[in-house]
Amino acid sequence: MRKNLITILIIFIVPLVLFGVLSKQSESVSARQSAEQVMTTPNGKPQVLKFTSTMCRDCQTMNNIFKEIFPEHANDIVLTEIQVQNKSSFNKNLMKKYNVELVPTIILVDSKGNIVDRIEGAIPKDVMQDKLRNLK
């Protein structure tokens, strides 16, 4: 009986521990990449900061919209996605800096570094497309 209990615990606990360790490593790499992108935006290119969460339905809607429309802007605009559930100090600082309290929040920054628009919540694809076209 005791061997069965140990075997069952190993079968369930080991994968959970491994998942936790691997997801933490993945999040820290993702946060580092986001930090590098935000801090080293190429001169002359506008930027889109997309604060999102994997558990948010509106975020998923906006992610699908971006998958459709962003490829035509990929050479002209830098897209940085910030996962808010990743509680790194960098993400917390960005959320504080841009006063992000709800997701999705999309901040459009022009090539001079000025915030030109702020979108909270999901918006239709054609409206997002117009905003990206007008971002310079």
Legend entry - Across Lys92/Lys125; Lys50/Lys125; Lys50/Lys136, pairs whose alpha-carbon gap is larger than 24 Å: Lys92/Lys125
Legend entry - Cα→Cβ-extended label distance, 7 Å offset, between Lys131 and Lys67, nm: 2.0
Legend entry - Under 12 Å from the Cα of Lys45 - aspartates and glutamates, other chains or at least 8 residues apart: Asp76, Asp110
Legend entry - Computed lengthening from Leu16 to Arg2, 0.36 nm per intervening residue step minus Cα-Cα distance: 2.9 nm
Inset, instruction - List, in order, the whole-Hz ³J(HN,Hα) value for each residue of region 59-65 obtained from phi through the Karplus relation with A = 6.51, B = -1.76, C = 1.60 and θ = phi - 60°; use x for Gly and Pro. - result: 5, 5, 4, 5, 4, 5, 4
Inset, instruction - Could you calculate the FRET efficiency of Lys112 with Asp58 from 1/(1 + (r/R0)^6), where r is the beta carbon distance between them and R0 is 25 Å, rounded to 0.05? - result: 0.25
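We did not get these values from a lab; they are worked out from the coordinates using the rules stated. On a predicted model such as this, the values are computed, not experimentally measured, just so you know. Glycine also receives a Cβ, built like all others from the backbone with ideal geometry; neighbour counts cover every protein chain displayed.
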